[in-house]
Amino acid sequence: MTTPATPTDRTNPGFPARRPRLALRTLVAGLILSLALAFAAFPRIEAHYLERAGEADRATLRLATEVLRGALERTEALPALIAERPILAQLLREPENDGLVPYTNEVLRQSALSLDVSDIYVMDRTGRTVATSNYRADHSFLGSIFDYRPYFADAVSEGFGRFHALGVRSGQRGYFFGAPIISETQLLGVVAVKITLDRFEETWANSDSTIIVTDTSNVIFLSDRTDWHFRTLGPVPEAAIEEMAATRQYPLHALDPLPARREPLTQDMDILTVETSGGQAEEYVFQTALIAAPGWRVSILTPTAPAIAQAWTALGVVLLLIVVGGLLAAVALQRRAQLMERIARQHDQQAELEARVRDRTRDLDTANAR
């Protein structure tokens with residue numbers, strides 16, 4: 001009697017039972033590779049969101065620059081107009097006329113109020129203040145000598161002067177414009193107009209970003225960060241320090257370097273990292289605009305933390321999609337493997353049945369032959 005045939009061997013190379021296991025290994029490898037690529041792409045994702053944050057603040061930078069430039073341009077014409085008032089020339093021609101001083105002081109005070117400027121004052125040819133709008137204030141300029149200020153010297157020599165500095169008497173940072181007072185081709189003195197810029201800083205403080213204004217010597221002259229006033233954002237030339245001392249522009253003891261480093265982000269944006277006193281680091285997207293006349297650089301510093309958080313969120317979404325996609329693919333492979341297993345079992349059962357039929361037929365044929 002013939003030995004019954006065994007079921008079809010599933011390890012037969014022609015049978016597709018190995019394919020689900022191979023597909024699963026391929027899926028796992030692809031999933032690991034996708035996760036690795038996602039993490040490797042994070043710096044680009046982060047740079048994308050940092051650039052978007054900088055672009056969102058570009059309009060704020062443009063607005064702050066235009067407002068500052070407009071304030072300076074509106075004020076620079078005032079000294080020449082005020083210098084044409086006859087009362088100023090008369091005061092300088094008659095310095096012994098004590099009755100002119102109180103009247104001129106009040107005229108200047110009313111003019112400062114109507115023009116919305118901080119101070120208007122008149123100096124003789126030696127730089128001594130003979131009349132001022134702040135004659136009522138404790139820090140009145142009356143009698144003060146400002147011949148060391150460039151706005152006075154430039155007004156005398158060139159017909160117009162400008163200068164930004166910390167006020168010697170008032171202690172307020174301001175921008176000064178000067179124009180000569182001339183009568184019948186004779187230089188009698190100089191009139192100066194000062195505007196304070198604190199109100200711009202108060203406006204900037206309402207923003208999440210930080211705005212700073214640095215001059216040609218890399219000194220931070222304006223900022224809504226009061227602890228950064230007169231800090232330096234770069235090297236200060238020795239000649240500039242000597243000039244500051246001569247003109248009393250800044251308190252030299254305050255000219256401490258701001259511990260910061262810059263790394264390029266795009267063509268017109270940098271990442272500025274500032275070390276704090278507590279040893280921590282603050283990171284900003286740094287971009288700059290120029291105001292040509294005073295030589296100012298207006299910069300906006302956008303905190304990077306929100307952009308980095310968005311980048312991590314985006315990476316998390318990508319990783320979640322990869323994992324979910326991998327799980328769905330794994331479920332599909334599992335179902336396919338179960339289907340193939342069922343088909344294999346059916347194939348085995350059919351093969352076993354056919355083998356039994358053949359054996360039975362062979363036995364019958366043998367019996368009949370006997």
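The values are calculated or read from the model by the stated rules, or taken from the named source; none is laboratory data. Not measured: the values here are computed from a predicted model. In this analysis, Cβ positions are derived from the backbone assuming ideal geometry, glycine residues included, and neighbour counts consider all displayed protein chains. Please note that ligands, DNA and RNA were not included when accessible areas were found on the heavy atoms of the full protein model with its side chains. Shrake-Rupley method; radii C 1.70, N 1.55, O 1.52, S 1.80 Å.
For the reader, a short list of remarks on this structure follows.
- Residue with peak Gaussian network fluctuation, the chain [Cα springs, cutoff 10 Å], from ARG58, ARG297, ARG356: ARG356
- A simple rule links phi to the HN-Hα coupling: the Karplus curve 6.51 cos²θ - 1.76 cosθ + 1.60 with θ = phi - 60°, which for region 197-208 gives 10, 4, 5, 5, 5, 5, 5, 5, 5, 6, 9, 6 Hz, with x for Gly and Pro.
- At R0 = 41 Å, FRET efficiency that the Cβ-Cβ distance of ILE145 and ASN206 yields, to 0.05: 0.55
- Additional length obtainable on full extension of the chain from LEU252 to ALA305, 0.36 nm per residue less Cα span: 15.7 nm
- FRET E, pair ASN368, ARG345, Förster distance 25 Å, beta-carbon r, rounded to 0.05: 0.10
- Computed from point charges on the beta carbon alone (+1 for Lys and Arg, -1 for Asp and Glu), the dipole magnitude for region 182-289 about its Cα centre is near 220 Debye.
- Potential extension, ILE32-ALA137 segment - 0.36 nm per residue separation minus Cα distance: 30.4 nm
- Whole-Hz ³J(HN,Hα) from phi, Karplus 6.51 cos²θ - 1.76 cosθ + 1.60, for region 354-370, glycine and proline x: 5, 5, 5, 4, 5, 5, 5, 5, 5, 5, 5, 4, 5, 5, 5, 5, 5
- Calculated FRET efficiency for the pair GLU158/GLU242, C-beta based, R₀ 25 Å, to 0.05: 0.70
- Under a model in which nothing but the beta-carbon of Lys, Arg (+1) and Asp, Glu (-1) is charged, the chain shows a dipole of about 2700 debye around its Cα centre.
- Exposed loop sites here mean GluC sites (Glu not before Pro) with a DSSP loop assignment and at most 14 other beta-carbon atoms within 10 Å; the chain contains its longest site-free run at 185-370.
- Segment ARG360..ILE291, full-extension length gain: 14.4 nm, with 0.36 nm per residue of separation and the alpha-carbon distance subtracted.
- Calculated [θ] (222 nm, deg cm²/dmol) that DSSP helices of n ≥ 4 give over the chain, each run adding -39,500 (n - 2.57): -16500 deg cm²/dmol
- As a length-normalised measure over Cα pairs under 8 Å and 6 or more apart, the relative contact order of region 228-370 settles at 10 percent.
- Accessible area per residue for region 235-286 is 62 Å², calculated with a 1.4 Å probe on protein heavy atoms, without ligands, DNA or RNA.
- On the chain, 55 percent of the accessible area sits on carbon and sulfur atoms, based on a 1.4 Å probe.
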